[in-house]
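Structure, as C-alpha cells:
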Amino acid sequence: ELNDVDEIEYLTEWNPNILEFTEVRNINNAVIPGFNGSDFDESNVRNGVLGLEWEGSNAFAADVSPGDVLYDVCFSVVGLGGDSPVRINTSSDRVTLVNSGRNLGVFPSNCAVRVRQPEAVRVSISDNRGVPDDVVGVNVPAGNFVDVTSLQFPLGWEPAGLEFINVQNIHPLF
C-alpha cells in the first residue's frame, strides 16, 4: 500500500512489430486525483514506448492500495505470431512521497502477449499429362482459405516445354 504519493513516472515498453498501441482507457482518477490522459506521453508509441508522468501536490496526493487498477493500455495485434513482452522500464522510474523526495521506484509485474500465428493458406498445383500440341490444364486448389483479404504468389513453369494460354474456372468469389 502506498499513501501520499505525489509523483509517478515510468515508461511502458512492448514490441511494436507484434502490438500496435491503440489507447489508454479506464484511467482511475478516483485513486490518483487529477490523473488523466494528459499524463501520458504517446509521442513514441510507434516505437513501442508509452510514457507516464503524473505529479500531484500536498492537497492532491494519491493513496494506492494493492490491486488498484490505475489504467488499461490497449493494443491491436499487427504481427503474425510470437510474443511481445509488455514491461515497465525501471531504469527511469520515479515514485515519490509527499515531502520526502525519496524515490521508492517501481517493482513491476510484467507480462507478455502471445500471438498465435494463424494456419497458413494452403495452395497446391495438380499434376497433368499431355503430348505435344495438347492443351493441358493444372488445377490450383486452396485450403484454409478463411477471412483472407488478398493473395499473391508466383506460378512458374518450364517455358521450353509449356506455353501459357490462359486462366479459366476462377472461383466466383474472385
Most mobile of P66, P154, P118 in a GNM of the chain (Cα contacts under 10 Å): P154
Cα-based Rg of the chain normalised by 2.2 N^0.38 Å, two decimals: 1.79
C-alpha center-to-center spacing [the stretch 119-147, the stretch 1-44] in angstrom: 52
Where the chain is the region considered: accessible area per residue in Å², 1.4 Å probe: 73
Principal axis dimensions, largest first and in whole angstrom, of the stretch 11-89 by Cα: 47, 26, 20
J(HN,Hα) series, the stretch 139-155, from Karplus relation 6.51 cos²θ - 1.76 cosθ + 1.60, nearest Hz, glycine and proline x: 7, 10, x, 10, x, 6, 8, 10, 6, 7, 9, 7, 8, 8, 7, x, 10
Residues with amide H under 5 Å from that of G34, placed H, sequence gap 5 or more: none
Loop-exposed GluC sites (Glu not before Pro) per DSSP, neighbour cap 11 Cβ within 10 angstrom, longest uninterrupted part of the chain: 2-118
GNM result for the chain, Cα springs below 10 Å: residue of R122, R87, R114 fluctuating most strongly: R122
Solvent-accessible area, 1.4 Å probe, carbon plus sulfur percent, for the chain: 48
The stretch 149-165 and the stretch 60-92: distance between their alpha carbon centers, rounded to Å: 48
Label-point separation, T149 to S43 (7 Å along Cα→Cβ), nm: 3.1
Extension gain, V138 back to N166 (0.36 nm per residue minus Cα-Cα distance, nm): 9.0 nm
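Per 0.36 nm of contour for each residue apart, how much would the distance between N128 and N110 grow if the chain were fully extended, relative to their Cα-Cα spacing?
0.9 nm
The values are calculated or read from the model by the stated rules, or taken from the named source; none is laboratory data. Since we're looking at a predicted model, the values are computed, not measured. With ideal geometry, Cβ positions are generated from the backbone for all residues, glycine too; neighbour counts draw on all protein chains shown. Each accessible area value is taken on the protein alone, full model and side chains, heavy atoms only, with ligands, DNA and RNA left out. Shrake-Rupley method; radii C 1.70, N 1.55, O 1.52, S 1.80 Å.
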